[in-house]
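The numbers here are math on the coordinates, done by the rules we state, and not lab data. Predicted model only: the values in this text are computed from it and were never measured. Glycine also receives a Cβ, built like all others from the backbone with ideal geometry; neighbour counts cover every protein chain displayed.
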Amino acid sequence: MKGKVLLPLDSSEASIKAFIPAKSIAKLLDMTLCILHISDEELTTEELLDKLKIKIEDLEYFVISQRAGSPEEVILEESKSCDYIVMGTHGKTCDTTLRMGSTTAKVIEQTFKPVLLIKPDVCLHIENGLWSPQKTLIPLNGTPGSSEALAPVMMFIAKTSSKIDILHICISPTEQTLEQSKFSAPYYEDYLQHEWASWSKEFIKRFCSVNKNHIKASISLFHGDPAEEILSFAKKNNNDFIAVVWHGTMAHLRAKTLKRILIECDCPLMLIRLG
Amino acid sequence: MDNLKLNIFLQYIETLEHRPLAEKGVLPLREREIETIFSMGNGFIGTRNSLEEPYPESDPGSFIAGMYVQGPYDDFNFLVKAPDWTSIKIYAGDALLNLKDQNAIYHSRYIDFKRGTIVREWKNQDQEGRITDIKIIKYISLAYKNELGKLLIIKPENYSEKISVITGINCNAADFRYLLNMNCDLENYASIHMKTKYSGKEFVILQKSLFFSHCKEYARKIDYYYDIKNFYDGSFETFEWKAEPGNNYLIKTLSCLCTDKDSRTPVKTAISAYKKYERDFFDESYIKHGNKWRERFKESQIILSGNEYDQKLIDFAVYHLITAGEFSGNTHSVPARNLSGESYKGHVFWDTEMYLLPFFVFTKPEIAKALLMYRYNTLDGARKNALKEGFKGASFAWESTDSGAEEAPELVMLPNGEVVHILSGKYENHISSDIAYAVWQYWHATRDDNFLINYGAEILFETARFCKSLVKKGTDGLYHINSVIGPDEYHEIVDDNAYTNYLAANNFDIASKTYYLMNLNYPDQLKILKEKINLRENEPEEWNLYKENMYLGYDPETKLYEQFKGFYDLEYIDLKEYEPRFIPMDIILGRAKTAQTQVIKQADVLMFMMLFRERFSKEQLSVNYDFYENRCGHGSSLSPSIHSVMASAVGKTADAYRYFLKNAKIDIGDEFGNAAGGIHIASTGGVWMSVAFGFAGMCPVEKGLVFDPQLPDEWNSIEFSIKWREQTIYATLFKNEIKFFISGNKNIFLSAGFYNWREISPAVEYIAFKNNQKWEWKE
């Protein structure tokens, strides 16, 4: 069965920003694009496409549906049969003083599907009408769980010409997990001329499960505040796509790194929630 | 391998006696570490213990000592990865048995310490429900350096079906960027003939297998298909037969690896290796290896009572030490990660002399001598290194390969993109005095005059000359060495590093002692050597003068040695504030900031205090231990073992035990991920040192051997044997009692505690006991 990419829209300009990235993922991964319009008004397909400013000739395998009701509930229900969700961070209200709109916030906290978030002011690298990231930034904490969670990102990246920058920010003691096979920077670095080459090779093999030869992954290592390091790295290296694994709660004092990245980064951001 | 069906989990230490160190199940992410931990070797060949059938997670391969290569664009010489001779694929019907999409009912790998082999036990259920029992035993022979064995036992449990086995030499594991396949097509053997690009070295691997069927209780002959196929990516033997449930089928394989150093015709030499066996070549080779292993393990073993887990940690270390050393030496030495992985590129560091050599000096002096002969054989390279840097004598390479030329890279890019200049090759000069120390330690323990006068003396004289050219006379009238790096590499290019100066002073001392000893007892050999290296008459006197007047940074009031000039002025950092810590301090603080603090990477002052323990009072040891232990970030895996020995020396056995565990678990703990690149062989030597020099309190001095045991609470006794001046000492040490027994033909002096000497005769048991904290001998 063909996989599905869910694109929930509310006909706002902010939400329609997600169309090209959604179409690109569907095309590259040979999936069906499921455009979901959530609104109380009833429109024909033509009227709807017209309203969403989508040309039918731009679509390959697609399904368009319209549903009324609570947007987050509809999206969550529809997403059950999908592989990816691609949506704008903001919708009709488009209050960009907030990190994201309330619907998006609820969706990302409740779904276990990978969510590609597109901000209203996003910069997209377009090639042949498709979004094609050039330099993907993946922060990895050196645990098998988070690297496994990244499989959907890797699947997509493997279909693009994007290079991967893996950024490992050394785990501070308070964040240590008991997960087996995890590792951080080596505790010992006997002779750094050899240690780092060897460490990087093993880190990439263990946590960047890309078995495609054409993918060029390089690793960088930093120590400090994760959000600060991720943002400054992305800026310095012109990363145009960031994928982040997170724990699925935006509660007070949680997801501090993600909250800051959401505010400050201007490229598409894929969130993958740890199971 | 995420869909691997596992009903098992990783568990390192199993309680079954015959499986002292085992890994149950398969954990794909750690696979490359497991390959290292259970790697095999004999000092000539080393092989990673990969799963025999292919997986993307595996990183199989072998390393042949001395098989160095350097391409036109490489900064340095390195050990090239050779093919994997352990490859086996088993098919039930047409299905390749594997752990990826089939059900591993049971899977385990372990080191068999009784036989010196690596064993894999695997009960597999494939998609058709066929259950197959598989056992694979592998070894690299300790009896003959060229022989490699693998035994496959297959038992179909519930099916009658064709089984095929493809067993051979997998060249995909080899580094084809640097190897040429010479296509050796032999009629009766699976065979590989390869040549290194750029360096033109050759090696040959032949393989020959025998098939046996054991039908329930008796062996019988059955028909089977057999062929040999050569491909670009390897050479393989195929066996195919109709298998019956409950029967055992055995494929016994002996491989033989020869290089052009063994003979000019390595193929012929390899074939002749099989011809020496009359009947079942595998069985005979396996038995010979097993016998040799038992002998070597017995003479190297340390037996504890009171802690089974620690016993396994020690056995693990001894396993790797034996397999690293057996055929090492002379033309090659033990690299930092042994022959078990690609990390450190097969380069030889000071690790070999300072961490491994003590084990060999005191358990198998012949190997210690061979390792020192490697340094003798690279003296010319060392002389060139000295000349290149504007010094005299011989400067041994910080990173050495086959010629002795310096192979340390000058630049490296760190993972954060920072380009760092590597200064060790140029400034970490203490390695020459370390090698001189090792020469003397060997002679001191063996009294092997033949080695000293014919080889050791030249090393000692040339390294003393090098030290002399490093030294400058200061306005204080003392001799100083400026601009060096000591073992603490967090502080680069420092003046008067205490370790460097102390070892240089010792180098002068032992060089002049050797000169006078030869002058007295071997004047003819001295004359020849003097002519060979143009040694002037007054040089030994100068060495004495330098030794007497070396600046050592010692303050008699505080009893502290200053690690280097200006160390006390640096910022003190309370390391406890960073605990629990999981990354090196120089990552936390940054390299530049770390250099401005008193945080040190590893034992430096404490290192030389350990080497010359008998020269220091307990108070001196304690003062320096308390000062420097508190400032050590242990950024090197070489650090914990020395701290363990020193903690024992100052009576802090709880600290010593903590450091012992920290060191012993460097490779087998699932913490750092860097065991994947090869075994930290120096740490295994460190395990032996922390037991022998630390907990057993063994200290060699001129008169004899001192034992001052400081057993941790967790242990009841330590039992081991030591070679000392051609005698074998069997020592059993309890907290308050020591038993000695020597075999040999001479009386020697042993001391219970510092110092309480007794002349010990062979074949009599002697007992010393502790009475009110003082050791006494029982009459």
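Listed values for the range B:373-388 are Karplus-derived 3J(HN,Hα) couplings in whole Hz (6.51 cos²θ - 1.76 cosθ + 1.60, θ = phi - 60°), namely 5, 4, 5, 4, 5, 9, 4, 4, x, 5, 5, 5, 4, 4, 4, 4, and x replaces Gly and Pro. Taking GluC sites (Glu not before Pro) across the range B:516-575, the ones in a DSSP loop with at most 11 further Cβ atoms lying within 10 angstrom of their Cβ are B:E537, B:E557.
Over all other residues within a Cβ to Cβ distance under 12 Å of B:P712, the charged ones net out to -1, with Lys and Arg as +1 and Asp and Glu as -1. A prolate overall shape is assigned to chain B, the ratio a/c of its alpha-carbon gyration tensor axes (a ≥ b ≥ c) being 1.5 or greater and a/b exceeding b/c. Please give, to one decimal in nm, the separation of the simple spin-label points placed at B:E299 and B:E366, each 7 Å out from Cα toward the Cβ. Output for this residue pair reads 0.6 nm.
If you take every residue apart from B:Y766 with its C-beta less than 9 Å away from the C-beta of B:Y766, what net charge results, scoring Lys and Arg +1 and Asp and Glu -1? Please list the in-between numbers first.
Working: positive: B:K739, B:R758, B:K778; negative: B:E765.
Neighbour charge sum, excluding B:Y766 itself: +2.
Amide H to amide H distances under 5 Å link B:N330 with B:L371, B:M373, B:Y374, where only residues 5 or more positions off or on other chains count and H is placed in the peptide plane.
Other chains' Cβ within 10 Å of B:607-614 residues: what's the mean? Don't jump to the answer; show the numbers that get you there.
Numbers: counts 0, 0, 0, 0, 0, 0, 0, 0.
Taking all residues of B:607-614 together, the mean is 0.
Gain on full extension, evaluated as 0.36 nm per residue between B:K275 and B:K774 minus their Cα-Cα distance, stands at 173.5 nm. When each of the peptides B:29-37, B:417-425 is scored by how many other beta carbons lie within 10 Å of its residues on average, the order from highest to lowest is B:29-37, B:417-425.
Working from Cα positions, state the angle (0 to 90°, nearest 10) between the long axis of helix B:308-325 and the longest principal axis of chain B. Result, in degrees: 90.
Mean partner shielding of peptide A:195-208, defined as the number of other chain Cβ atoms within 10 Å of each residue Cβ, is 6.
A simple count of charges around B:K565, restricted to other residues whose Cβ falls under 11 Å of its Cβ and scoring Lys, Arg +1 and Asp, Glu -1, yields -4. Assuming 1.567 mPa s and 4 °C, estimate D for the range A:4-118 with Stokes-Einstein, Rh taken as the Kirkwood radius over Cα pairs, in µm²/s. Rounded to a whole number, D works out at 93 µm²/s.
Per-peptide packing, taken as the mean over residues of other Cβ atoms within 10 Å, places B:439-448, A:27-36 in the sequence B:439-448, A:27-36 from highest down. Just so you know, the Cα atoms of chain A work out to an Rg and Dmax of 19.1, 69 Å. Neighbour counts of C-beta atoms inside 10 Å place B:K547, A:K259 in the sequence A:K259, B:K547, starting with the fewest. Between B:K703 and B:E244, residue separation times 0.36 nm minus the direct Cα-Cα distance comes to 158.4 nm.
Available extension along the chain between B:E418 and B:T265 is 50.3 nm, counting 0.36 nm per residue and deducting the alpha carbon span.
Derived scalar couplings between HN and Hα for the range A:62-71 equal 8, 9, 10, 9, 10, 9, 9, x, 5, x Hz in order, rounded to whole Hz, by the Karplus curve 6.51 cos²θ - 1.76 cosθ + 1.60 (θ = phi - 60°), x for Gly and Pro. Here r is the Cβ-Cβ distance between A:T249 and B:D74 and R0 is 60 Å; the resulting FRET efficiency, rounded to 0.05, is 0.75.
Tell me the mean residue ellipticity at 222 nm calculated for chain A from its helices only (DSSP H runs of n ≥ 4, each -39500 (n - 2.57), averaged over every residue, nearest 500). Display every interim value, and only then the final one.
On the way: 10 runs with 89 residues, N = 275.
One gets -9000 deg cm²/dmol as the mean residue ellipticity at 222 nm.
Cross-link pairs exceeding 32 Å in C-alpha to C-alpha distance, out of B:K345/B:K532; B:K138/B:K746; A:K135/B:K665; B:K135/B:K292; B:K723/B:K770, comprise B:K345/B:K532; B:K138/B:K746; A:K135/B:K665. To the nearest 0.05, what FRET efficiency results for A:S102 and B:Q596 with a Förster distance of 41 Å applied to their C-beta separation? That pair, A:S102 with B:Q596, gives E of 0.20.
So for chain B: antiparallel DSSP bridges make up what percent, rounded to the nearest 5? Walk me through the numbers before you get to the answer.
Values: 142 of 150 bridges.
Rounded to the nearest five, the antiparallel share is 95 percent.
Using C-alpha pairs under 8 Å with a sequence gap of at least 6, the mean separation divided by the residue count of chain B gives a relative contact order of 10 percent.
Computed from Cα atoms, the angle from the helix B:539-548 axis to the main principal axis of chain B rounds to 80 degrees.
Dipole magnitude for chain A: computed about the Cα centre from +1 point charges on Lys and Arg Cβ and -1 point charges on Asp and Glu Cβ, it is near 580 debye. The HN-Hα couplings worked out from phi for the range A:85-91 by the Karplus form 6.51 cos²θ - 1.76 cosθ + 1.60 (θ = phi - 60°) are 10, 10, 8, x, 6, 10, x Hz, whole numbers, x standing for Gly and Pro.
How far is the Cα center of the range B:55-108 from the Cα center of the range B:735-779, in Å? Centre-to-centre distance over Cα atoms comes out at 51 Å. With 10 Å bins beginning at zero, the pair-distance distribution over Cα atoms of the protein assembly as shown amounts to 2, 10, 17, 20, 19, 15, 10, 5, 2, 1, 0, 0 %.
Per-peptide packing, taken as the mean over residues of other Cβ atoms within 10 Å, places B:515-521, B:345-351 in the sequence B:345-351, B:515-521 from highest down. Calculation over all alpha carbon pairs of the range A:133-273 in 10 angstrom steps from 0 returns a P(r) of 11, 43, 37, 9, 0 percent. The modelled label-to-label distance between B:I105 and B:F612, using points 7 Å beyond Cα along the C-beta direction, is 6.5 nm. Taking a label point 7 Å from the Cα of B:E719 along the Cα→Cβ vector, which residues of the range B:114-154 have an amide N closer than 19 Å to it? The answer is B:114-115, whose backbone nitrogens lie closer than 19 Å to the label point.
Once the Cα atoms of helix B:618-629 and of chain B are each reduced to a long axis, what angle between those two axes, in degrees from 0 to 90 to the nearest 10, is obtained? Its long axis makes an angle of about 60 degrees.
I need the shape label for the range B:299-695. Rule: rounded when a/c is under 1.5, else prolate if a/b > b/c, else oblate, with a, b, c from the alpha carbon gyration tensor. Before the final figure, lay out the partial values.
Details: a/c = 1.44, a/b = 1.21, b/c = 1.19.
Note, shape of the range B:299-695 comes out rounded.
Can you bin the range A:75-127 into rounded, prolate or oblate? Criterion: square roots of the alpha carbon gyration tensor eigenvalues sorted a ≥ b ≥ c, rounded for a/c under 1.5, prolate for a/b above b/c, oblate for the rest. Walk me through the numbers on the way to the answer.
On the way: a/c = 2.50, a/b = 1.23, b/c = 2.02.
Cα axes put the range A:75-127 in the oblate bin.
When DSSP beta bridges are restricted to pairs lying wholly in the protein assembly as shown, around 75% turn out antiparallel.
For the range B:266-295, which trypsin sites (Lys or Arg not before Pro) pass both filters: DSSP loop (anything but H, G, I, E, B) and at most 15 other C-beta atoms within 10 Å? The qualifying sites are B:K276, B:R279. With R₀ set to 22 Å, the beta-carbon distance separating B:E759 from B:E737 gives a calculated FRET efficiency near 0.65.
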